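Student: Would you mind keeping the following structure in view while I ask a few things?
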Amino acid sequence: MSQSTAVPPSLIPTNDAARLQALARYQLVDARSEKVLDDVVAATAQLFGVSNAMLSIVEKDQVLLKAPYNLPIPIERVLRQQSMCSATILQDDTAVYEDLSESNAPTDIDISLLQQLGLHFYAGHNLRTPDGFNLGSLCLYDGPPRHFAPAERKLLAQLAGLAMHLLELRRLLGAHAGATAALWETVYKVIGSQLAGLTALVEQNTTDGKPAELTPALAHDAGIIVDVIDQFVTTALNRI
C-alpha cells in the first residue's frame, strides 16, 4: 500500500497545492499514538457504536490514518484513491454512505479494500483549518449498513471541529513528545474528565454489551459535553 500511483484528477481539489502547504504546517508525519487525539477518536467511535474510526489526513499521494480506532488490520497509510475521505474533502457537508457499494461510491474511489474488510457504512466530516483548507476528515466505518440521522450528522460535525481545534493546538504546542509532553498532560487533565463523561454516556446506553441507538436526546447531551471541551481548547488557542 506504500507504492504511489497517479491520483485521479477528479480527487484533486483546485486548491490542492495550497492545501498541501497548509497541511505541512501541522507536521502530521506518522500514525504515532497521541493520547488526546486517540481518546477523542475512540470516544467518537463508541458514541456512534461503530467498529472503526480515525482521523484521515489526505496527503499528496496517500492518506495517513491518524489515531485509528480498532482497525481490523494494521494500516498506517492507503493510496489516496483508496480512501473515502479523499472525496469527502471535496465538499463542505458531512459525507454519508449508509450502504456503500460500487454502484454508489464516489467517482474514482476504489472501495475494494473496504469490501475485503466487510465495511459497508461510512460517514466523514472535514477537518477544516481556520484559513479554509480541508486537511482530511474525522470518519466512521462500520460493517453492516445503517441509518445516520440528522442529529448524528450534527454531532459528528461538532466532534470534527473539536478534533481540528486539537490539531491546531498541537501545531502551536508541538506534538505529544519530548518537551511538550508535560504541556499536553496538563491539557489532557482538564479535558480528560469531560471525555470520561462521553464514555459514561455510552455505558449508560449499553445493553448486553452493545451500544443503544444514538437518539436525538443522547446526541444532544453528548453535544453539550463536546461543546465544553471545545470551548476549553478554543480558549487555550486564544491565549497562545
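The values are calculated or read from the model by the stated rules, or taken from the named source; none is laboratory data. Predicted, not measured: the structure shown is a model, and the values here were computed from it. Ideal geometry is used to build each Cβ from the backbone, glycine not excepted, and the neighbour counts take in all protein chains shown.
Student: Return yes when residue 61 is buried (at least 19 other Cβ atoms within 10 Å of the Cβ) and among the acidic types (Asp, Glu) and no when it is not.
Tutor: no
Student: I need every pair where a residue in the range 126-137 that is at pLDDT 95 or above has its Cβ under 9 Å from the Cβ of a residue that is in a loop (DSSP other than H, G, I, E, B) and acidic (Asp, Glu), sequence separation at least 6 or different chains.
Tutor: 126/92; 126/93; 128/92; 134/92; 136/59
Student: Could you tell me which residue of the range 125-144 is farthest from the chain's Cα centre (by Cα), considering only residues that are among the polar types (S, T, N, Q) and surrounded by 20 or more Cβ atoms within 10 Å (Cβ to Cβ)?
Tutor: In this case the residue turns out to be 134.
Student: Hey, another quick one. Which members of the range 107-122 meet the condition of being touching a residue at least 40 places away in the same chain (Cβ under 8 Å) and surrounded by 20 or more Cβ atoms within 10 Å (Cβ to Cβ)?
Tutor: 109, 119, 121
Student: Now for a different question. So residue 36 passes all but one of these: (1) outside any loop (DSSP other than H, G, I, E, B); (2) at pLDDT 95 or above. Which condition number does it fail?
Tutor: (2)
Student: Let me ask you something else. For the range 40-51, enumerate the residues that are in a helix (DSSP H, G or I) and in contact with a Phe, Trp or Tyr (Cβ under 8 Å, 6 or more places away or on another chain). Walk me through how you get there before you give the answer.
Tutor: Restricting attention to the range 40-51, the residues satisfying the condition of being in a helix (DSSP H, G or I) are 40-48.
Across the range 40-51, the qualifying residues are 41, 42, 44, 45.
Student: Take residue 67 and tell me if it is assigned to a loop (DSSP other than H, G, I, E, B) and among the small types (Gly, Ala, Ser). Steps first, please.
Tutor: Working: assigned to a loop (DSSP other than H, G, I, E, B): no; among the small types (Gly, Ala, Ser): yes.
Here the answer is no, as residue 67 does not meet what is asked.
Student: Can you tell me which residues in the range 3-33 are modelled with pLDDT of 95 or more and in contact with a strand residue (DSSP E or B) (Cβ under 6 Å, 6 or more places away or on another chain)?
Tutor: Result: 23, single match.
Student: Still on this structure, please answer the following. Report, by residue number, each residue of the range 1-56 that is under 15 Å from the mean Cα position of the chain (by Cα), among the hydroxyl-bearing types (Ser, Thr, Tyr) and under 19 Å from residue 77 (Cα atoms).
Tutor: Within the range 1-56, 33, 51, 56 meet the criteria.
Student: Which of (1) under 21 Å from residue 185 (Cβ atoms); (2) at pLDDT 95 or above; (3) surrounded by fewer than 17 Cβ atoms within 10 Å (Cβ to Cβ) does residue 66 not meet, given it meets every other one?
Tutor: Every listed condition holds for residue 66 apart from (3).
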